[in-house]
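Let me begin by presenting the structure, written as structure tokens, before commenting on it.
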Amino acid sequence: MTTTSHVLRAIRGPALTFVDDPFVVGGPGSARYEPDALIVFGDGRITDFGDHAAVASRLPPGVPVTTYRDALILPGFIDAHVHYPQTPIIGAYGRQLLDWLDRYTFPAELRFADPAYAREVARAFLRECLRCGTTSAAVFCTVHSASVDVFFEEAQRIGARMIAGKVLMDRNAPDGLVDTAQSGYDESKSLLRRWHGRGRLACAITPRFAATSSDAQLDAAGALWREFPGAYVQSHVSENTAEVEWVRTLFPERAGYLDVYGHPGLLGRRAIYGHGIHLTEDELARCHETGTAIAHCPTSNLFLGSGFLDIGRLARAERPVRVGLATDLGAGTSFSLLRTMGEAYKVGQARGAALDAWRAFWLATRGAARALDLDGVVGSLEPGCEADFVVLDLRSTPLIDFRMKHCGSLEEALFVQMTLADDRATRATWIAGDPVYDRDRSVPFAPALA
Ligand code: GUN
Ligand code: ZN
């Protein structure tokens with residue numbers, strides 16, 4: 001056996017990846033489907049991908065191949081906006097955003113002063129991600145620096161590409177959850193020095209939202225981003241009408257909600273804002289011009305009654321805004337990006353735009369990668385990309401099995417999955433070329449999370 005073949009591995013089965021943006025080129029032309037694909041990878045990256053017969057003919061001898069039948073191999077799902085500390089309060093009865101934050105979210109986040117508790121939740125969160133085939137995410141931690149340290153430590157143990165940040169809040173939050181403009185800056189900077197660019201980890205400067213940060217804190221966040229331009233910024237914008245109104249009264253001198261972030265320099269590539277439901281036309285144009293991305297969080301928006309994002313409006317050809325799909329749990333109600341795609345379809349329907357399967361799967365893979373400025377890194381099966389995969393069982397429940405017998409096309413099969421399937425459909429998850437979750441094993445998780 002040669003050295004090369006020793007480090008290579010491969011998986012075989014039907015596979016789908018995106019070669020173009022379905023919002024631009026339309027459905028089927030955006031996707032590459034291989035009914036019998038061989039995907040070869042080594043050192044965490046894909047080295048070859050294509051029809052089995054062609055790829056196998058150039059495969060060195062002795063490369064182990066894992067075959068998945070009746071399945072669909074996709075690039076690992078990407079969650080563009082999620083709060084790991086809210087895992088313990090997913091599904092908590094709340095009224096709307098501001099009430100829900102006060103009653104459930106802030107009390108839950110206070111517990112993260114204890115790093116052992118934070119680690120326990122981080123591990124539960126990562127296990128759920130793997131059970132749903134999510135291999136990358138942009139993650140909010142809490143105001144406590146240690147909540148970021150333990151999250152990165154656990155993510156590093158499974159090799160996942162994760163973006164995360166310490167939440168900045170210096171007002172309008174309980175005592176135990178506030179920092180100051182200076183301490184938030186200092187702690188974020190020290191996290192950036194400790195973690196940013198270490199392996200597959202990246203830091204996000206994370207003002208929670210305009211209402212919980214003073215002008216001074218937002219200015220400090222902007223200054224920090226200028227010092228670390230390769231870092232990310234993440235926050236929330238225009239999620240709920242009462243929130244939009246509150247922000248208007250807190251920042252009367254700004255042109256609008258988005259401008260509260262624009263003024264201190266917090267818009268641009270690698271800035272991702274959750275929701276954006278109520279953004280104006282001018283604000284969407286500014287997102288487009290600056291490369292600022294919106295994370296679409298349909299299950300959260302339905303759960304909190306925040307409204308219905310008009311994704312067709314965001315995608316408008318003359319000024320497309322980068323969009324990634326996101327769970328936003330614990331306001332979101334599922335870790336599953338399949339479930340999230342299904343709800344995105346329904347939210348689209350409420351705005352008179354039915355999201356087709358191509359666009360939905362794009363938003364959870366390569367579209368999200370583009371929103372996170374990771375195109376060519378994750379979200380695709382093309383050689384050079386990192387070897388993160390989700391293997392879907394296309395017959396994961398009796399109903400889906402029955403329904404699949406009546407599917408006449410790949411598009412229909414994909415749509416059935418996003419409408420009916422959930423975590424049970426995750427047959428296996430691979431991260432950086434390692435199998436980290438296998439639904440059908442007696443111990444499904446890799447040792448780091450077992
Ligand atoms: N706005 C500010 N904080 C939050 C949060 O934790 N969840 C959601 N959905 N919106 C927010
Ligand atoms: Zn959120």
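The values are calculated or read from the model by the stated rules, or taken from the named source; none is laboratory data. This structure is a prediction, so every number in the text was calculated from the model and none was measured. Here the Cβ positions follow ideal geometry from the backbone for every residue, glycine too, while neighbour counts run over all protein chains shown. Accessible surface is based on the protein model in full, side chains and every heavy atom, while ligands, DNA and RNA are left aside. Shrake-Rupley method; radii C 1.70, N 1.55, O 1.52, S 1.80 Å.
Observations on the model:
- Every residue from the range 100-142 that is away from ligand 1 (no atom under 16 Å from the Cβ), buried (at least 24 other Cβ atoms within 10 Å of the Cβ) and acidic (Asp, Glu): none
- Pairing residues of the range 57-82 that are under 18 Å from residue 438 (Cβ atoms) and without any contact (Cβ under 8 Å) to a residue 60 or more places away in the chain with residues that are more than 16 Å from ligand 1 (Cβ to nearest atom) and open to solvent by less than 10 Å² (accessible area, probe 1.4 Å), at Cβ distances under 9 Å and at least 6 apart in sequence or on separate chains, gives 64/10; 65/10; 65/11; 65/38; 65/40; 67/11; 67/13; 69/13.
- The helices (runs of 4 or more DSSP H) found wholly in the range 345-450 include none carrying at least 3 residues that are of a type in the set (D, E, K, R) and open to solvent by less than 10 Å² (accessible area, probe 1.4 Å).
- The set of residues from the range 143-165 being on the phi > 0 side of the Ramachandran plot and open to solvent by less than 10 Å² (accessible area, probe 1.4 Å) is empty.
- Per the conditions (1) within 18 Å of residue 324 (Cα to Cα); (2) surrounded by fewer than 16 Cβ atoms within 10 Å (Cβ to Cβ), the sole criterion not satisfied by residue 273 is (2).
- Lone unmet requirement of (1) of a type outside the set (Val, Ile, Thr); (2) in contact with a strand residue (DSSP E or B) (Cβ under 7 Å, 6 or more places away or on another chain); (3) within 16 Å of ligand 2 (Cβ to nearest atom); (4) within 22 Å of residue 141 (Cβ to Cβ) for residue 238: (4)
- Taking the listed residues 340, 327, the one that is within 16 Å of ligand 1 (Cβ to nearest atom), modelled with pLDDT of 95 or more, in a helix (DSSP H, G or I) and under 12 Å from the mean Cα position of the chain (by Cα) is 340, with no other qualifying.
- The residues on offer are 118, 108, 92, 53, and the sole one that is under 25 Å from residue 437 (Cβ atoms) and among the small types (Gly, Ala, Ser) is 118.
- Checked against (1) touching a residue at least 40 places away in the same chain (Cβ under 8 Å); (2) within 21 Å of residue 191 (Cα to Cα); (3) surrounded by 23 or more Cβ atoms within 10 Å (Cβ to Cβ), residue 233 passes all but condition (1).
- Among the numbered conditions (1) surrounded by fewer than 23 Cβ atoms within 10 Å (Cβ to Cβ); (2) within 16 Å of ligand 1 (Cβ to nearest atom), the only one that residue 257 does not meet is (1).
- Residue in the range 239-252 that is surrounded by 21 or more Cβ atoms within 10 Å (Cβ to Cβ) and of a type in the set (Phe, Trp, Tyr) present: no
- Beta carbons closer than 7 Å, at least 6 apart along the sequence or on distinct chains, pair a first residue in the range 294-321 that is away from ligand 1 (no atom under 12 Å from the Cβ) with a second that is assigned to a helix (DSSP H, G or I) and aromatic (Phe, Trp, Tyr) for 315/23; 320/23.
- In the set (1) within 16 Å of ligand 2 (Cβ to nearest atom); (2) open to solvent by 10 Å² or more (accessible area, probe 1.4 Å); (3) closer than 22 Å to residue 271 by Cα; (4) touching a Cys at 6+ places or on another chain (Cβ under 6 Å), residue 335 fails one condition alone, (3).
- So residue 173, is it surrounded by 24 or more Cβ atoms within 10 Å (Cβ to Cβ), out of contact with any Gly (no Cβ under 8 Å at 6 or more places or on another chain) and not in a helix (DSSP H, G or I): no
- Of all residues in the range 197-219 being out of contact with any strand residue (DSSP E or B) (no Cβ under 8 Å at 6 or more places or on another chain) and among the small types (Gly, Ala, Ser), the one that is surrounded by the most Cβ atoms within 10 Å (Cβ to Cβ): 211
- Number of the exception - residue 270 against (1) over 18 Å from the mean Cα position of the chain (by Cα); (2) more than 16 Å from ligand 2 (Cβ to nearest atom): (1)
- Scope the range 278-288; condition open to solvent by 10 Å² or more (accessible area, probe 1.4 Å) and either touching an Asp or Glu at 6+ places or on another chain (Cβ under 6 Å) or in contact (Cβ under 8 Å) with a residue 24 or more places away in the chain (or both); matching residues: 278, 280, 282, 283, 285, 286, 288
- Applying the condition of being at pLDDT 95 or above and of a type in the set (A, V, I, L, M) to the range 1-27 and asking which residue is surrounded by the fewest Cβ atoms within 10 Å (Cβ to Cβ) yields 24.
- Evaluation of residue 390 against the conditions (1) touching a Phe, Trp or Tyr at 6+ places or on another chain (Cβ under 9 Å); (2) over 27 Å from residue 87 (Cβ atoms); (3) hydrophobic (A, V, I, L, M, F, W, C) shows that the sole unmet condition is (2).
- In summary, residue 384 fulfils each of the numbered conditions (1) over 17 Å from the mean Cα position of the chain (by Cα); (2) over 25 Å from residue 271 (Cα atoms) with the single exception of condition (2).
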